[in-house]
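> Just dropping this structure here.
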Amino acid sequence: MRISVIGCGYLGVVHAAALTELGHDVVGIDVDARKIQLLSAAHPPFFEPGLPEVLTSAMASGRLRFSTDIADAHGSQVHFLAVGTPQLAGSYAADLTYVNAAIDALLPQLSEGDLVVGKSTVPVGTAGRLAGLIEASGSGARLAWNPEFLREGFAVKDTLAPDRLVYGVGRVAVPGGRVARSERIETSSPGLDTAARSAPGLLDQHAVDILNEVYAKAVASGTPVVVTDYATAELVKVAANAFLATKISFINAMAEIAEVTGADVTQLADAIGYDTRIGRRFLNAGVGFGGGCLPKDIRAFAARADELGRGESVAFLKEVDAINLRRRQRVVDLVLEALNEEPHLKKVAVLGLAFKPNSDDVRDSPALDVAVQLHGRGATVVATDPEAIANASRLHPQLTFVADHIEALTDADVVVLVTEWAAYRELDPAALRARVRNPVIVDARNCLDATAWRAAGWTYLGLGRP
């Protein structure tokens, strides 16, 4: 198929390269000329494991190209919207500036039978509004919403072999102005969710067929496919992120209780994680979540619920957010306590700047936030990260950055591990003991063996651990 991907940020680049790997002819379009120049030379503008190889292969095949000209989208049968929806300045709501601009630019390029497919995370109700704009354009194109579920660090795998596919499609009126009722959505997908087969109205079979062709390999392999309406598809992504954020903040709330009772939150998580209704994943207490999705998505969800007059339904998300931010402050407090509340001119080594390992993303990063707060309190902060130094230094040039974590550790008064890169989890506490001025480590991810570090002569401080 001929496909355009509008927006070549993190989501768009990964999606475009993966679609090419699946056999499609793809053009990626973005207004950022420098980004397009890098991508045209097969250089990703961000770090993501596996992406350079997939991008190089895609470019070599001749089936992937990049452009700054929206007219290059003309002639594609499918147009994916993959632009950003950041948090609106001065508000918790999502900023739809880029989504609206992308649609406005794309409308003149659409033809009869084209399918515009939204992948951006948007407030519920956005797809219906955009569908109205496309219908009013008279192009004969249609809209579907196909939310993404990428995990940074695993994005290529998640795109090529997703754990589920969600198609939000419109309803098609039958002659006479009525909306038909459909007992069953016919599809070739063996993984179609049977609960989605029945729905009032006739869901757009044309859109379903096109999306099944786009994702033919995943569909044929039995990947579950949920065909639903616009609103449900929009809610799936924000509901999933809200649930994950809640689970993380729940265990961090338990860590707060553990810290005043002497309990061990890691053993608590192990014990409740054996319950199959709960599960152990995302029950790792620590400095909390960050990145470009979870924080802004739960805030935008709460803001949209307020607009809909149902703010009380997700009011708990505000506490989820508050708990998450408190854990950052707790890490700062532990460092200050270790320095006897005298941080001035004391060296603090911060291990990690990205919001998670295997990423260079510092958006709303707990690690970078901790480093900035400690610098603001007068400590001499020396920070390091395998991939995120360039991004962090652009945002906060006042910090000192070094590429070598051993250099960062040398003569440190306190070491703070804030991003759980494998290289940091595997540090040898005995070998490092002689390099630091004071052997104190704050494990903000609870990822180290506390017994081993204490045996090597270190003062080990974790979150929610005695």
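> Run down Val122, Val174 and say which single residue is modelled with pLDDT of 95 or more and outside the structural domain of Asp306 (by TED's automatic domain parsing).
Val122 is the lone residue from the list that is modelled with pLDDT of 95 or more and outside the structural domain of Asp306 (by TED's automatic domain parsing).
> What tally of residues in region 387-424 results from selecting those that are of a type in the set (D, E, K, R), assigned to a loop (DSSP other than H, G, I, E, B) and under 21 Å from Lys356 (Cβ atoms)?
Number of matching residues: 2.
Yes or no, residue by residue, for (1) of a type in the set (Asp, Glu); (2) out of contact with any helix residue (DSSP H, G or I) (no Cβ under 6 Å at 6 or more places or on another chain):
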| position | (1), (2) |
| --- | --- |
| Val331 | no, no |
| Glu342 | yes, yes |
| Phe355 | no, yes |
| Leu368 | no, no |
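> Within region 28-47, identify whether any single residue is acidic (Asp, Glu), closer than 21 Å to Asp361 by Cβ and in contact (Cβ under 8 Å) with a residue 40 or more places away in the chain, and answer yes or no.
Within region 28-47, none of the residues are acidic (Asp, Glu), closer than 21 Å to Asp361 by Cβ and in contact (Cβ under 8 Å) with a residue 40 or more places away in the chain.
> Report, by residue number, each residue of region 414-435 that is surrounded by fewer than 20 Cβ atoms within 10 Å (Cβ to Cβ) and in contact (Cβ under 8 Å) with a residue 40 or more places away in the chain.
Ala422 - this is the single residue of region 414-435 that is surrounded by fewer than 20 Cβ atoms within 10 Å (Cβ to Cβ) and in contact (Cβ under 8 Å) with a residue 40 or more places away in the chain.
> When you look at Leu339, is it more than 19 Å from Ile441 (Cα to Cα), of a type in the set (A, V, I, L, M, F, W, C) and at pLDDT 95 or above, yes or no?
no
> Which residue out of Ala240, Ala218 is part of a helix (DSSP H, G or I), out of contact with any Gly (no Cβ under 9 Å at 6 or more places or on another chain) and under 28 Å from Thr85 (Cβ atoms)?
Exactly one of Ala240, Ala218 is part of a helix (DSSP H, G or I), out of contact with any Gly (no Cβ under 9 Å at 6 or more places or on another chain) and under 28 Å from Thr85 (Cβ atoms), namely Ala240.
> Continuing with this model, one more query. Pull up region 1-17, narrow it to residues that are over 21 Å from the mean Cα position of the chain (by Cα) and crowded, with 20+ Cβ neighbours inside 10 Å, then point me to the one that is farthest from Tyr98 (Cα to Cα).
Within region 1-17, the match that is farthest from Tyr98 (Cα to Cα) is Ile3.
> Then there is this: Residues that are surrounded by fewer than 19 Cβ atoms within 10 Å (Cβ to Cβ) and assigned to a strand (DSSP E or B): does region 358-374 have at least one?
no
Residue-wise test of (1) over 20 Å from Pro45 (Cβ atoms); (2) in contact with a strand residue (DSSP E or B) (Cβ under 9 Å, 6 or more places away or on another chain).
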| position | (1), (2) |
| --- | --- |
| Leu374 | yes, yes |
| Arg377 | yes, no |
| Ala388 | no, no |
| Ser393 | no, yes |
| Ala408 | yes, yes |
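> Sticking with this structure for a sec: Being under 15 Å from Val214 (Cβ atoms), hydrophobic (A, V, I, L, M, F, W, C) and under 21 Å from the mean Cα position of the chain (by Cα), is that true of even one residue in region 18-37?
Yes: one or more hits.
> Let me confirm something: among Arg65, Arg151, Arg129, which residue is of a type outside the set (Phe, Trp, Tyr), surrounded by fewer than 22 Cβ atoms within 10 Å (Cβ to Cβ) and at pLDDT below 95?
Being of a type outside the set (Phe, Trp, Tyr), surrounded by fewer than 22 Cβ atoms within 10 Å (Cβ to Cβ) and at pLDDT below 95 holds for just one of Arg65, Arg151, Arg129, which is Arg151.
> Do we have Gly168 as closer than 19 Å to Gly113 by Cα, at pLDDT 95 or above, among the small types (Gly, Ala, Ser) and part of a loop (DSSP other than H, G, I, E, B) here?
no
> Here is a follow-up. Residues of region 425-453 being small (Gly, Ala, Ser) and not in a loop (DSSP other than H, G, I, E, B), which ones?
Ala430, Ala431, Ala450, Ala452 - these are the residues of region 425-453 that are small (Gly, Ala, Ser) and not in a loop (DSSP other than H, G, I, E, B).
> Kindly indicate the residue of region 68-98 that is of a type in the set (A, V, I, L, M, F, W, C), over 24 Å from Thr20 (Cβ atoms) and modelled with pLDDT of 95 or more and also surrounded by the fewest Cβ atoms within 10 Å (Cβ to Cβ) among those meeting that condition.
Looking at residues that are of a type in the set (A, V, I, L, M, F, W, C), over 24 Å from Thr20 (Cβ atoms) and modelled with pLDDT of 95 or more, I get Ala93.
The values are calculated or read from the model by the stated rules, or taken from the named source; none is laboratory data. All values derive from a computational prediction rather than experimental measurement. Reconstructed Cβ throughout: ideal geometry from the backbone, glycine too, with neighbour counts over all protein chains shown.
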